[in-house]
Amino acid sequence: MHSRVLLKNQKENRIASIEEYRQDGGYEALENALARNVPSPEGIREILLEANLLGRGGAGFPMGKKMSTIAQNAPYPRYLVCNADEMEPGTFKDRVLIHADPHQLIEGIVLAARAIDAQIAIVFIRREYENAARILEREIKTARDAGYAGKNILGSGFDCELIVHRSAGRYICGEGTALINALEGRRANPRQPPPYPTTRGLWQLPTEIQNVETLCCVPHVIKNGADWFKSLALTEEGAGTKVFSVSGHVKKPGCYELPMGVRLSELIEIYAGGMATGSRFKACMPGGASTQFMPESMYHVRLDYSELANHGYRLGTGAIMVFDHKTCLTRVTANLMEFFARESCGWCTPCREGLPYILDLLNRIEAGEGKAGYIPMMQKMCDHLNYSYCAFAPGAAAPVESLLHEFKEEVMAHIQYGRCPFNSDQYD
């Protein structure tokens, strides 16, 4: 068994208290950074950059590099935003992290705010996570009473107010610039950079946006060092552990914290209990609904940002959605397109018009009304989606593109039989 870092304080039916968090070394990194200025704000940024801590929210961008960009900008105040929107289908790791050990996140937020000299930190959390929002509000007050948040933290003169903001509730709000518009009370449409949020973000001021899991890593990296963090991974390019949300046709769905670079087959067979009874592995989506279907040929691949990129896939949020041999992936893709078509902000034509168009074609194919010409039509539409205003549409196109590339024969079988072949024994 691999040692856990982010979930080591996870309890059976309750959250870890501030006392339990401190007993295990919690808040030591913050105490050193503020009371003794070791490391300094610049030192925090350098350690995070050296540790190769990549953003766990999907993009995999180096946290230290983003922080260095904001540190060069003069305007004040500066903002740190913790993105806890987590509306990617199949992803639930951030909710588990908040419920397991909220003070880990609080310390990570304050340390990150210290690194960029931000006095205001906002947790942007989805409306459906009301229980998690209440936990954070309660534990932020506990941390403030203990001197770890608020005014003059630990007598250092550094202020950091933590605010929990509930999202209005759309998937697009999880996109960084749309999130900023939502916080400002505007319609949650994405903004087209440049300027990037680190230059002109919330109310046109420098803003750092980071994912829950990324921020939870910060106290451990600062306390134990960059070399320690990199040593946790099983690949040279990777660093740290990764919390994988596993769902679908496995015996034990759930969240599993494992070293970056663990093999997909090991995650499924050892930790998720193997495939469900009577099921054989057919495909999975490695990083939530906006990533491609990975076929059986990738079953032993290492789950690492660089490793998957070398094969043409994205790790995304690390939400492993597993499908067995009896699953109709055309129906799965249509289900996902229904979600994406509904959640599009409607700002640009390729996304607003393209996603419902693809959904209509998939529904026709699934209903037995498909034609061979629909396949090139969907491929052409996916090409158009790659020229949309933000990354939403290309992400939504990923399942369709991989369906047509890896499982085209299944789509053709629908057209050939005039019905979904997975509703009978003719196609297995």
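Taken together, the values in this text are just the output of simple stated rules run on the coordinates, not laboratory data. From a predicted model like this one, the values you see are computed outputs, not experimental measurements. With ideal geometry, Cβ positions are generated from the backbone for all residues, glycine too; neighbour counts draw on all protein chains shown.
Based on the alpha-carbon gyration tensor of the range 290-329, what equivalent-ellipsoid semi-axes (square roots of 5 times the eigenvalues) come out, in whole Å, largest first? Could the numbers behind the result be given before it?
Numbers: eigenvalues 69, 26, 15 Å².
For the range 290-329, the semi-axes come out at 19, 11, 9 Å.
Can you tell me the 0 to 90 degree angle between the C-alpha axis of helix 392-406 and the longest principal axis of the chain, rounded to 10? The answer is roughly 40 degrees. The calculated FRET efficiency for Ser231 paired with Asp24, based on their beta-carbon distance and R0 = 25 Å, is about 0.80. Sort out for me the Cα centre separation of the range 325-362 from the range 1-42, rounded to whole Å. Going from one Cα centre to the other spans 42 Å.
Think of each Lys and Arg Cβ as +1 and each Asp and Glu Cβ as -1; about the Cα centre, that makes the dipole of the chain roughly 640 debye.
Look at Trp228, Trp203 and count the other Cβ atoms within 10 Å of each Cβ; fewest to most, that gives Trp203, Trp228. Once the Cα atoms are used to define both axes, helix 329-343 deviates from the longest principal axis of the chain by about 50 degrees. Distant-in-sequence amide contacts of Asp101, defined by a placed amide H-H separation under 5 Å and a gap of 5 or more residues or a different chain, comprise Ala16. In the frame of its principal axes, the range 120-250 has Cα extents of 47, 43, 34 Å, reported largest first. Sorting Leu111, Leu202 by the number of Cβ atoms found within 10 Å of their own Cβ, with the fewest placed first, yields Leu202, Leu111. A cut-off of 5 Å between modelled amide H atoms, ignoring neighbours fewer than 5 places along the same chain, links Val81 with Ile122, Glu208, Ile209, Gln210. Listed peptides 141-153, 289-301 appear in the order 289-301, 141-153 once ranked by packing, highest mean of other Cβ atoms within 10 Å at the front. Size descriptors for the range 1-79 (Cα atoms only): Rg and Dmax, in that order, 15.9, 47 Å. Straight-line cross-link reach from Lys66 at under 21 Å between alpha-carbon atoms covers these lysines, not counting any fewer than eight positions away in the same chain: Lys223, Lys230, Lys242. Amide hydrogen proximity for Lys242: with H placed 1.01 Å from N in the peptide plane, the residues at 5 or more positions away or on another chain lying under 5 Å are Leu258, Met260. In the chain, helices alone account for a calculated mean residue ellipticity at 222 nm of -12500 deg cm²/dmol, with every DSSP H run of four or more residues adding -39,500 (n - 2.57).
Note on Lys326: lysines with a C-alpha under 20 Å away, same-chain residues under 8 apart excluded, are Lys251, Lys252, Lys282, Lys408. Karplus-based coupling profile of the range 76-81, in residue order and whole Hz: 10, x, 10, 10, 10, 10, with θ = phi - 60° in 6.51 cos²θ - 1.76 cosθ + 1.60 and x standing for Gly or Pro. Short to long, the 20 Å bins of the Cα pair-distance histogram for the chain hold 26, 55, 17, 1 percent of all pairs. Listed from fewest to most Cβ neighbours within 10 Å, the set Phe124, Phe61 follows the order Phe61, Phe124.
Axis angle, to the nearest 10 degrees, between helix 212-224 and the longest C-alpha principal axis of the chain: 50 degrees.
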